[in-house]
1. So Val126 passes all but one of these: (1) in a helix (DSSP H, G or I); (2) touching a Gly at 6+ places or on another chain (Cβ under 9 Å); (3) open to solvent by less than 20 Å² (accessible area, probe 1.4 Å). Which condition number does it fail?
2. Would it be correct to say that Glu65 is within 23 Å of Asp135 (Cα to Cα), within 15 Å of the chain's Cα centre (by Cα), charged (D, E, K, R) and open to solvent by 50 Å² or more (accessible area, probe 1.4 Å)?
3. Looking at the stretch 129-159 only, could you name the residues that are open to solvent by less than 40 Å² (accessible area, probe 1.4 Å) and either part of a strand (DSSP E or B) or among the aromatic types (Phe, Trp, Tyr) (or both)?
4. Is at least one residue of the stretch 39-57 modelled with pLDDT under 80, on the phi < 0 side of the Ramachandran plot and under 19 Å from the mean Cα position of the chain (by Cα)?
5. Tell me, which residue of the stretch 68-113 that is among the aliphatic types (A, V, I, L, M) and touching a residue at least 40 places away in the same chain (Cβ under 8 Å) is surrounded by the fewest Cβ atoms within 10 Å (Cβ to Cβ)?
6. What are the residues in the stretch 73-98 that are modelled with pLDDT of 90 or more and over 16 Å from Ile155 (Cβ atoms), if any?
Amino acid sequence: MQYQTSTSRPQLSLFDGVIAQSLAPFGSLAPRSKPEQEKKDHLSELSLSGSSQHCHLLLTPILRELGDATDSRWLTLIAPPAFLSQSFLRKCGLNRERIILLQPRNAEGALELACKALASGCSHTVISWLGQIDDATRSKLRNAASLGGAQSLNIRLGC
């Protein structure tokens, strides 16, 4: 099969056209503000389901990555499930010197504790196990995380 090319119109390179019009290719662009969705969101949610062994396997690299972060602040775990103990952290080879485990007295205390840990600025990431959260709870976590310059991660386990 043969292809015909048209030689009646010469093809300009990408920059020849810009130079011919004497336009600065990038200098004339005004910086645009980020839309509301693109702004940094300090809250993430993760839902895990399946066997408890699979949930453990998925959580371990996440915790390891966050525990080894270059940020010198703490990785704080609020209301972690029972399997996530100091011995589990040790067994998985996680840096326990950079991780704090906090158990609240009740379910309402978990949200309050998470917000205090986020707002204090002492933690780079606060992971909570609050279950399904509503918009008001999301807003509280986002505001506290923004105030402390931290990240909030809520994990829902369906194991």
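1. Val126 satisfies every listed condition except (1).
2. Details: within 23 Å of Asp135 (Cα to Cα): no; within 15 Å of the chain's Cα centre (by Cα): yes; charged (D, E, K, R): yes; open to solvent by 50 Å² or more (accessible area, probe 1.4 Å): yes.
So Glu65 fails the test.
3. Listed by number, the residues that qualify are Trp129, Ser152, Leu153, Asn154, Ile155.
4. Residues of the stretch 39-57 that are modelled with pLDDT under 80, as a first pass: 39-40.
Filter once more, so that each one left must be on the phi < 0 side of the Ramachandran plot: 39-40.
In the following step, the residues that additionally are under 19 Å from the mean Cα position of the chain (by Cα) were identified as 39-40.
Yes: one or more hits.
5. Taking the stretch 68-113 first, the residues among the aliphatic types (A, V, I, L, M) are 69, 75, 77-79, 82, 84, 89, 94, 99-102, 107, 110-111, 113.
Checking which are touching a residue at least 40 places away in the same chain (Cβ under 8 Å) leaves us with 69, 75, 77-79.
Details: Ala69: 14, Leu75: 24, Leu77: 27, Ile78: 27, Ala79: 22.
Looking at the filtered set, the residue picked out is Ala69.
6. Answer for the stretch 73-98, where residues must be modelled with pLDDT of 90 or more and over 16 Å from Ile155 (Cβ atoms): Arg73, Trp74.
The values are calculated or read from the model by the stated rules, or taken from the named source; none is laboratory data. Here the structure is a predicted model, which means the values were calculated and not measured. No Cβ is skipped: glycine too gets one built from the backbone with ideal geometry, and neighbour counts run over all protein chains shown. Surface areas here come from the heavy atoms of the whole protein model, side chains and all, with no ligands, DNA or RNA. Shrake-Rupley method; radii C 1.70, N 1.55, O 1.52, S 1.80 Å.
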